[in-house]
Amino acid sequence: MNNKTVHKNLTQFNVFDLIDEPIAYNKWYAELAGDIVSGLLLSWLIGQEGDKEGWSHKTNDDIYYATGILANTARRCRRVLYRKNLIAIRVIRINGKRNLFYRPCWETLQDLYLMERKALAQIKQNYGQFLA
């Protein structure tokens, strides 16, 4: 998406529409992803409603309008999140056009959360007297 496309698309919606849909950014997601922008994308994807299996169809324009993340950066973030098994991606061709569907990998997120809790409990057990 170049600057002319961005400007053209920005004039097609009301900026006040964005105020009603804030993103619940979670710093932990950025730590898992390894960078703030990928964490922002993960935070936003987690907040999206999907179908009964959790899949939601999002275009680069959807991502840009909601997060401000440009298409090239969104592709990089998707790769990061996919490689770390934080999201699943499904590609479905409809009328010859690629459509991307996303779903958070809840099992991975839960496992990572539990591992972190266990590690913190171990630290507290071993070094609790020094942390007080």
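If Lys and Arg each add +1 and Asp and Glu each add -1, what is the summed charge of the other residues whose beta carbon sits under 14 Å from the beta carbon of GLY39?
In short, +2.
Residue by residue, what Karplus-based ³J(HN,Hα) values in Hz, rounded to whole numbers, does region 57-70 have, using 6.51, -1.76 and 1.60 with θ = phi - 60° and x for Gly and Pro?
8, 9, 8, 4, 5, 4, 5, 5, 5, 7, 10, x, 7, 6
Place the peptides 103-110, 92-99 in order of packing, highest mean first, counting for every residue the other Cβ atoms within 10 Å and averaging per peptide.
Per-residue mean Cβ counts within 10 Å order the peptides as 103-110, 92-99.
Using θ = phi - 60° and the Karplus form 6.51 cos²θ - 1.76 cosθ + 1.60, what ³J(HN,Hα) does each residue of region 44-49 get, whole Hz, x for Gly and Pro?
Each residue's phi maps through the Karplus curve to give 5, 4, 5, x, 8, 7 Hz.
Which ³J(HN,Hα) values in Hz, rounded to whole numbers, follow from the phi angles of region 73-89 under the Karplus curve 6.51 cos²θ - 1.76 cosθ + 1.60, where θ = phi - 60° and Gly and Pro get x?
Whole-Hz 3J(HN,Hα) from phi for region 73-89: 5, 4, 4, 4, 5, 4, 4, 4, 5, 5, 5, 8, 6, 8, 9, 9, 10.
From Cα pairs below 8 angstrom and at least 6 apart in sequence, can you work out the relative contact order of region 62-118, rounded to a whole percent?
22
Once you list every other residue whose beta carbon is under 14 Å from the beta carbon of ARG76, what net charge do they have if Lys and Arg are +1 and Asp and Glu are -1?
Surrounding charge for ARG76 is +4.
Compute the projected area of the convex hull of the Cα atoms of region 32-71, averaged over all viewing directions, and report it in nm² to one decimal place.
Hull-based average projected area comes out at 3.0 nm².
For region 50-113, state what percent of all Cα-Cα pairs lands in each successive 5 Å bin, counting from 0 Å until the bin that includes the largest distance.
Histogram of Cα-Cα distances, whole percents per bin: 4, 16, 22, 28, 19, 8, 2, 1, 0.
Once amide H atoms are placed 1.01 Å from N in the peptide plane, what residues at a sequence separation of 5 or more from ASN99, or on another chain, have their amide H within under 5 Å of its amide H?
When sequence neighbours closer than 5 places are left aside, the close amide H contacts are ILE92, ARG93, ILE94.
Ratio of region 23-129's C-alpha Rg to 2.2 N^0.38 Å, to two decimals?
So the Cα radius of gyration is 1.23 times the expected 2.2 N^0.38 Å.
What percent do you get for the relative contact order of region 20-132 when only Cα pairs under 8 Å and 6+ apart count?
Worked out over region 20-132, it gives 21 percent.
Taken together, the values in this text are just the output of simple stated rules run on the coordinates, not laboratory data. From a predicted model like this one, the values you see are computed outputs, not experimental measurements. Cβ atoms come from the backbone with ideal geometry, glycine included; neighbour counts cover every protein chain shown.
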